[in-house]
Amino acid sequence: MGKMDTISEESPLASNRMAPMAPPLPGPTTSSYCQKGLVMNGSKLRGYSCVTTATKDLWERLFDEGYRADVTVKTDNGGVIHAHANIIGMASPVIRGMLKKSKGRGRQRSISIHGVPHNAVRVFIRFLYSSCYEKEEMEEYVMHLLVLSHAFVVPQLKKECVRHLEQGVITIENVIDIFQLALLCDAPRLSVICHRMVFRNFKAVSATEGWQAMKQSHPMLEKQLLQSLKYEDNRRKERIRKLNERQIYLQLYEAMEALVHICRDGCRTIGPHDKDFKTNPAPCHYEACKGLESLIRHFAGCKLRVRGGCGHCKRMWQLLELHSRLCANYDVCRVPLCR
């Protein structure tokens with residue numbers, strides 16, 4: 001059986017029956033391999049990147065120099081961008097379909113991207129190569145890039161555009177334009193942020209040129225927006241009403257607890273007739289006791305207890321009636337008129 005037959009019973013491996021030692025774990029990675037937190041264009045990358053800086057520079061050079069480019073991208077005002085069909089076709093399924101239908105001489109093909117500035121198209125094509133962009137270019141062409149990323153199905157660029165718009169780009173003057181763009185490009189989170197900003201600053205937003213333009217070009221959208229704002233306003237009022245009701249309920253609950261406490265245990269100088277008061281009583285933890293003490297003193301000495309007479313006595317009667325409706329131990333309760 002070859003060299004395997006030379007392992008005898010006297011062999012240490014055979015006698016100890018020990019498995020071979022496992023190889024050591026790999027050490028920390030370097031920048032040439034998978035590394036977390038690489039910095040690109042001044043911003044820290046998320047997750048893990050297996051691409052070196054040299055490789056990204058190579059993609060940048062390939063785009064800038066157009067070495068053996070086989071696609072001509074025509075833009076507005078006669079602009080031309082040279083690209084590679086394999087790269088931009090793999091990055092965007094829409095461009096792949098356009099390339100299949102395009103006609104050209106030999107291996108050269110041509111596609112057109114109109115309706116946005118030439119430099120915005122250039123930033124877009126560059127992103128298809130290396131997923132890189134300059135901060136200044138993103139700030140200038142973010143709305144155009146959002147349209148391009150949505151139209152040509154580039155979700156990574158679309159996510160970057162939405163994130164950039166959410167981080168302080170939205171203002172009173174452009175919120176309506178961004179809101180319409182978010183609806184057009186299917187960016188629900190961005191549209192919700194714009195809608196909230198319109199709701200909070202409706203008077204200022206309705207006076208902008210963007211609102212007037214929307215009113216002329218999309219009257220149905222304006223109607224839907226006004227209806228949603230009315231709905232949000234009703235929800236806000238309903239929420240405030242419920243909070244006020246809850247506050248009133250808590251106040252009544254505290255008043256009922258304080259009333260039972262005064263009639264059963266006594267508080268400061270008011271309490272049951274068989275209660276001995278201390279000279280220096282401890283502070284009461286019922287906040288409603290102070291107001292109830294003065295109300296009870298007034299009720300005890302007031303001469304206008306008839307219905308509709310004294311307002312303070314009327315409040316005391318309401319408290320006593322409410323307690324009697326809620327009390328479950330009326331047989332032993334010390335509150336007056338509980339039964």
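Derivation of every value follows stated rules applied to the coordinates shown; laboratory data play no part. What you are looking at is a predicted structure, and each value in this text was computed from that prediction instead of being measured. Note: ideal-geometry Cβ built from the backbone for every residue, glycine included; neighbour counts use all protein chains shown.
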On the formula 1/(1 + (r/R0)^6), with r taken between the Cβ atoms of Arg239 and Cys132 and R0 of 56 Å, the FRET efficiency rounded to 0.05 is 0.75
Ranked from fewest to most other Cβ atoms within 10 Å of their own Cβ, Ile172, Ile262 fall in the order Ile172, Ile262
Which residues qualify? For Ser110, with a placed amide H closer than 5 Å and at least 5 residues away or on another chain, they are Thr72, Lys103
Summed over the other residues with a beta carbon less than 13 angstrom from that of Asp186, with K and R at +1 and D and E at -1, the charge totals +3
Expected vector for the stretch 204-214, Karplus 3J(HN,Hα) from phi with 6.51, -1.76, 1.60 and θ = phi - 60°, integer Hz, x for Gly and Pro, equals 6, 5, 5, 9, 7, 5, x, 5, 5, 5, 5
Taking the highest mean first, how do the peptides 238-244, 317-323 order by number of other beta carbon atoms within 10 angstrom per residue?
317-323, 238-244
Residue order, fewest to most surrounding Cβ atoms within 10 angstrom, among Cys327, Cys289:
Cys327, Cys289
In Hz, Karplus ³J(HN,Hα) per residue of the stretch 120-135 (6.51, -1.76, 1.60; θ = phi - 60°; x = Gly, Pro)
5, 5, 5, 4, 5, 5, 4, 4, 5, 7, 10, 6, 10, 7, 8, 4
How high is the FRET efficiency from Asp70 to Arg200, r the C-beta distance, R0 45 Å, rounded to 0.05?
0.30
If R0 = 22 Å, then His285 and Arg334, at their Cβ-Cβ distance, give a FRET efficiency to the nearest 0.05 of 0.70
